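The values are calculated or read from the model by the stated rules, or taken from the named source; none is laboratory data. These figures come from a predicted structure and were not determined experimentally. Glycine gets a Cβ as well: all are built from the backbone with ideal geometry, and neighbour counts include every protein chain shown. Quick note on the areas: whole protein, heavy atoms, side chains included, nothing else; ligands and nucleic acids left out. Shrake-Rupley method; radii C 1.70, N 1.55, O 1.52, S 1.80 Å.
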Amino acid sequence: MIAQFTLTASEAKRIIAKAVAGMPSVRRALYGGKTLLKGGTTVSAVSEELGGPPLRISGRLTPEGARAAADNRDPHCIVMEKGIAMPVDDSLEAVVEFMGPKDVAITGANLIDHRGGAAILAGGPLGGAAGRIVSGLAAQGVQVIIACGVEKMGPGLVADAVSACGRSRITGAMGMALGLIPLQGVLVTEVQACMLLSRVNAMVVACGGVFGAEGGTTMVAEGDAEDLARLISIVKEVKGASLSGAPRSLMDCAQGSPACSRHRACDTLYSE
């Protein structure tokens with residue numbers, strides 16, 4: 001049997017979050033180790049699935065370009081141990097230093113490619129939170145899960161995009177200038193999520209849409225009646241899902257805000 005369904009970008013994030021939260025490595029780390037979550041809209045949804053808080057969305061891409069949060073009071077990165085969430089924005093390096101193979105780190109991405117490459121944008125000096133921990137996680141042998149929707153898949157290779165980017169190379173920008181930090185880990189899109197949540201084969205057959213489905217995916221899943229029913233039940237559960245994130249962090253910063261002292265080339269294309 002084959003089922004066809006469409007997920008908006010926000011719905012896909014919730015499907016991915018449910019799948020990541022149920023992964024055996026995540027369940028083991030949640031109660032027998034450490035689970036580090038780096039904020040983003042998809043990872044914020046993962047946090048909620050694990051019983052944690054919605055996370056601060058520090059950076060975002062808007063029609064006006066790359067923006068930062070106007071309010072930074074909510075945690076962007078948390079560690080969960082024995083089901084309890086602890087903010088760790090001020091101690092990221094120390095936390096990573098004591099993580100190992102039994103632990104898991106979950107991050108989002110801003111670009112993926114057809115080979116499984118992934119990278120995350122950085123608007124702050126030295127790569128912000130991602131720049132502070134990505135190399136340490138690799139050095140410590142921590143399993144990294146990259147939770148990212150198909151909407152982030154580019155037409156080329158991530159490696160080429162990383163080379164083309166760079167905060168200090170940008171001379172004019174809508175919003176803040178950005179660099180790309182390559183990520184290594186297990187990539188979970190809505191395709192992998194469907195197969196983790198139920199014993200089906202899933203495939204994207206169309207991308208995009210209108211009237212709210214911009215950035216969405218239309219998928220087909222093949223399996224027996226019981227497995228398909230389980231998946232469609234989850235799809236129906238996430239229908240109409242909103243964006244996850246700490247509410248006061250969803251407001252964009254304005255030019256002249258404190259963050260402007262850290263961000264390069266901000267809104268220079270508008271002023272020319």
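At a glance:
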read-out: Lone unmet requirement of (1) more than 18 Å from the chain's Cα centre (by Cα); (2) at pLDDT 95 or above; (3) β-branched (V, I, T) for T171; value: (2)
read-out: Count - residues of the range 202-229 that are in a helix (DSSP H, G or I), charged (D, E, K, R) and open to solvent by 20 Å² or more (accessible area, probe 1.4 Å); value: 1
read-out: Hey, D103 out of contact with any Gly (no Cβ under 6 Å at 6 or more places or on another chain), open to solvent by 10 Å² or more (accessible area, probe 1.4 Å), of a type in the set (D, E) and at pLDDT 95 or above or not; value: no
read-out: All positions within the range 17-29 that are part of a helix (DSSP H, G or I) and open to solvent by 10 Å² or more (accessible area, probe 1.4 Å); value: K18, P24, S25, R27, R28
read-out: Enumeration of residues in the range 172-201 that are assigned to a helix (DSSP H, G or I) and charged (D, E, K, R); value: E190
read-out: Filter result (open to solvent by 30 Å² or more (accessible area, probe 1.4 Å) and over 27 Å from S44 (Cβ atoms)) within the range 139-182; value: P155, G156, L157, A159, D160, S163, A164, S168, R169, I170, T171
read-out: Tabulated pairs, the range 16-40, first free of Cβ contacts under 8 Å to residues at least 40 places away in the same chain, second open to solvent by less than 20 Å² (accessible area, probe 1.4 Å) and part of a loop (DSSP other than H, G, I, E, B), C-beta under 6 angstrom, 6+ apart or interchain; value: A21/L50
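Here's the yes/no breakdown for (1) surrounded by 15 or more Cβ atoms within 10 Å (Cβ to Cβ); (2) modelled with pLDDT under 95; (3) farther than 29 Å from S163 by Cα:
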{"position": "I15", "(1), (2), (3)": "yes, no, yes"}
{"position": "Y31", "(1), (2), (3)": "no, yes, yes"}
{"position": "S58", "(1), (2), (3)": "yes, yes, no"}
{"position": "A68", "(1), (2), (3)": "yes, yes, no"}
{"position": "H76", "(1), (2), (3)": "yes, no, no"}
{"position": "A85", "(1), (2), (3)": "yes, no, yes"}
{"position": "A118", "(1), (2), (3)": "yes, no, no"}
